[in-house]
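The values are calculated or read from the model by the stated rules, or taken from the named source; none is laboratory data. Nothing here was measured: the structure is a model prediction, and the numbers come from that model. Reconstructed Cβ throughout: ideal geometry from the backbone, glycine too, with neighbour counts over all protein chains shown.
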Amino acid sequence: MAKRVLVVETSPRVRGNSNRMAEEFARGAREAGNDVDVISLAGRKVSFCTGCWGCKDSHRCVIHDDADEIVQRIRHSDVVAFATPIYYYEMCGQMKVLLDRANALYFAPDNRFRDVYLLTTAESEKPDAADNAINGLRGWISCFEQARLAGTLLIGGTTTDGSIDGRPELEECAKLGRAV
């Protein structure tokens, strides 16, 4: 049975390396027969959460920008994959702000998402370069009983846009996508 898969590109750069990872994950998920949507945060308006709790009863954010639509798409997907560049050994700020804005899902009784993936790129080639981002995402996931971190992938040594092209690790992204 086909799953609804949402791939969220969080890089502020449209042609960023993490977005290439997202494309490959999406390709793999499509090849496996899933319904796949890819959404990019680049050029989108995603404001900070104000902590007002206006979302508590409606399960929708009261701030009217692009975040609410994206959060609702997360809510109604079976699988969510986030792709982020690693900045200072952490997820990019755009991803963190989106996760904060997903506060509305905390009280929602009908969240569909179960499997969450994290795809990361970094200039650093240290194998632990994404550990802080992974832990940050784990913290978010821990708020949702039905969800689990299903997989992560780091491709290091990606210093400029396009430096990921031709890397064999991109096939690992597609392989993760095919396995959802």
query: How about segment 47-69: which of its residues are surrounded by 21 or more Cβ atoms within 10 Å (Cβ to Cβ) and modelled with pLDDT of 95 or more?
result: Ala67
- prompt: Can you tell which of Thr84, Thr50 is outside any helix (DSSP H, G or I) and either of a type in the set (Asp, Glu) or within 15 Å of the chain's Cα centre (by Cα) (or both)?
  reply: Thr84
field: Matching residues in segment 126-158 - criterion: being part of a loop (DSSP other than H, G, I, E, B), of a type in the set (S, T, N, Q) and surrounded by 12 or more Cβ atoms within 10 Å (Cβ to Cβ)
entry: Thr158
query: Scanning for something closer than 15 Å to Ala133 by Cβ, of a type outside the set (A, V, I, L, M) and under 14 Å from the mean Cα position of the chain (by Cα), does segment 61-73 turn up at least one residue?
result: no
query: Within the set of pairs 6+ apart or on separate chains, which have a first residue in segment 1-14 that is farther than 9 Å from Ser40 by Cα, a second that is hydroxyl-bearing (Ser, Thr, Tyr), and C-beta atoms under 8 Å apart?
result: Arg4/Ser77; Val5/Ser77; Leu6/Ser77
- line: Every listed condition ((1) surrounded by 14 or more Cβ atoms within 10 Å (Cβ to Cβ); (2) outside any loop (DSSP other than H, G, I, E, B)) holds for Phe113 save (2)
message: in contact (Cβ under 8 Å) with a residue 12 or more places away in the chain and in contact with an Asp or Glu (Cβ under 7 Å, 6 or more places away or on another chain): is that true of Ala179 in this structure?
response: no
